[in-house]
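Inspection log for the structure reproduced underneath, given as C-alpha cells.
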Amino acid sequence: MRVFRFLRILSTIGRHGLDEFIVGRGSSVLRLGFRAAYFWADRSAPRGVRLRLALQELGPVFVKFGQLMSIRPDLIPTDITEELSKLQDSVPPFPAEQVVATLDRSYGKPYLEVFHAFDLTPVASASVAQVHFAELPDGREVAVKILRPGIGETIEQDTALLYGVAGLIERLHPLSDLLRAREVVYEFDKIIHDELDLLREASSMSTVRRNFAGSPILYVPDVHFDWCTRDVMVMERIDGIPVNDIEQIRAHGIDTATLGRNGVEIFFTQVFRDGFFHADMHPGNIFVARDGRYCGIDYGIMGSLPEVDKDCLAMIFIAFFKRDYKAVAVAHIEAGWVPADTRVEEFEGAIRAVCEPIFDKPLKDIYFGKLLLRLFEVGRRFRMDIQPQLVLLQKTLLQVEGLGRHLDPNLDLRTSAQPILERWMNDQVGPRGLWKRLRHEAPMWSKTIPQIPRLVHKILSDDAPGRIERALQGLEAAQRRQTNILLAIAIILGAMVIGLVLTSL
Ligand SMILES: Nc1ncnc2c1ncn2[C@@H]1O[C@H](COP(=O)(O)OP(=O)(O)O)[C@@H](O)[C@H]1O
Ligand SMILES: [Mg+2]
C-alpha cells in the first residue's frame, strides 16, 4: 500500500515537473532521468504554482504541510511561500453518521443522552476537524469540535511518506545540508500531532482564558472539560462578528482603531507577560463581541518562550523602536542567540544595512514582523540558531500587524507595544523585579533560614577559625581578594534576604 502511495507521490512530482526540488537544478544524471521519464510534463508555470498544485492533488495532509511551510520564509524562498499561502483546505465535511459514531464512541452512550440538542450540519469543516453547534442538558449553548474520523492514521501514513520524500532530498539534492528537509518534516510532524489531541487544545484554551480572566479586551470561551475527550471538544458558543467584517463592527459602534491597538496589546501581553501565545491568529479564528472585546478561538497551535528569550526579544524591540542597532546586536550576544565571539560592530553593521531602509518608511508602513524576519536572516549569517518558537512568534506578529492595519491603516505598533514592553522590563530588572524574584524564592527561605544559627555556630565553633586560617594561608593574594568580595556579596545578600523577610512578615 505504502509503496503504491510513494510511487504516486513520485509520479505527481514528475508530472508537475518538481524534480528540481528533489535533485536540484544541476544537470545530474538523475535530473536528466526525471526529465526523460516525464518529458511531457508542463513546466511553464512558476515552481511555486507547480508545487501548490501538486500538494493540492496529494490531499489534506499535504495541503496542511504546504500551509505550514508557507509561514516559514526563514526556510523557503518567498516566491514559493507566496504561492503556498494560497492553499485552502477545501475538504468536504464528513457525513452525519460519522459525527454520531464519534460522539457515541467518545461518550460510551447515545449522543442525544449527552446533548439536549445537536445540529448535525457543521458550521465549519477543515482537514483535521469540524465544528457543530449543540445544547447541553442545562440549556447552555456550545460549539463542539470533532476530529475527522481516521485522520490520525491518514496523518501517520502521509507524514511517513513526507519523511520518505525528505530522505530522498537529503540523499539526492546537492544542497541537502542547507535544506534540512527531514528536520522540516519533523517540525510539521510535531505540530500536526499536537492538533490531533483536542484535550491539549482544550487545555491551552483554558490556560489563556485564565490568563485573561476579567480582561476588558479579550474574551476566551469557557471549556466544558466534562464533555471533552481526545476526539471531541465542547466549549461555550460565542456569538461574535468575524473580525474581517469591518462594516458590521462599525455598525455596532465599535471603534476599529481601538480594536487594532488592543490586538497588539493582547499579542504582546501573551508573549511577554505569559510566555504563552496563540500562534494561529488568522482572521478566521478571531471574532469581536458586541461589547468590543475580542473573542479568540482555535488554540490548536500555541507558542511558548522561555524567560531568556523573552528578555532578549524585549530588548530587541525596545532597541528597534529607538533605532539602536548596537543594542540589538548586543542583546543577541547576551542571550546566546549568536556565538559569544561574534564581533559586535560587524553584526551591528549588518543589522543596520537591512533595517535602516525599512525604517525610512512612514511608521504605518513598517512591519515589525518583517523586520524580525530580516533580523533572523542576518542572524543566520552570524551562525544564529533560530528556534522554531521564534519563527512562530515572528509569523504571528506579522498576522497581528496585518490584522491591526486592516482595522486601522494608521496603526503604529510602537505606541501600542512600547508601554507594555517597558512595563515588563521594569518588572524584570527594576526593584520590583528583584522583589518579585525574591518572593518567588520565599518558600525556600523557610527551609534555609532556621538553619542559619546552626551554620553560624558551626563556623564559629572551636576548630573553625584555625581551619579558615590554614586554608587562607594556602591561597594566593588575588584569590583571597576574590574570596573577600564573594564573602562581602554573600553578607550583603544575606542581609537583604533577612531584611526582606522581616518586612514581609
Ligand atoms: N466556540 C465557538 N463559538 C462559535 N463558533 C465557533 C466556536 N469554535 C469554532 N467555531 C466556528 O468554527 C470554525 C472553525 O473552528 P476552529 O476552532 O477555528 O477550527 P479549525 O482548527 O478547523 O480552524 C470557526 O471559524 C467558527 O466559525
Ligand atoms: Mg481555525
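Derivation of every value follows stated rules applied to the coordinates shown; laboratory data play no part. Since the model is a prediction, treat every value here as computed from it, not as a measurement. Here the Cβ positions follow ideal geometry from the backbone for every residue, glycine too, while neighbour counts run over all protein chains shown.
Got the relative contact order for region 240-429 handy, in percent, Cα pairs under 8 Å and 6 or more residues apart? Contact order relative to length: 28 percent. Whole-Hz Karplus values for region 265-273 come out as 4, 4, 4, 5, 5, 4, 5, 8, 6 Hz, taken residue by residue from phi with 6.51 cos²θ - 1.76 cosθ + 1.60 and θ = phi - 60°; glycine and proline positions read x.
Would you mind checking K109/K145; K364/K395; K64/K395; K86/K361 for any pair whose Cα atoms are more than 20 angstrom apart? Over 20 Å Cα-Cα: K86/K361. Potential lengthening of the chain between R323 and H193 amounts to 42.8 nm, from the contour at 0.36 nm per residue minus the alpha-carbon distance.
The HN-Hα couplings worked out from phi for region 287-303 by the Karplus form 6.51 cos²θ - 1.76 cosθ + 1.60 (θ = phi - 60°) are 10, 10, 6, 4, 8, x, 7, 6, 10, x, 10, 6, 9, x, 10, 10, x Hz, whole numbers, x standing for Gly and Pro. Extending 7 Å from the Cα toward the beta-carbon at both I386 and R43 defines two label points whose distance is 2.9 nm. Annotation: amide H of V288 within the under-5 Å range of I241, V243, C295, sequence separation 5 or more or interchain, hydrogens built in the peptide plane.
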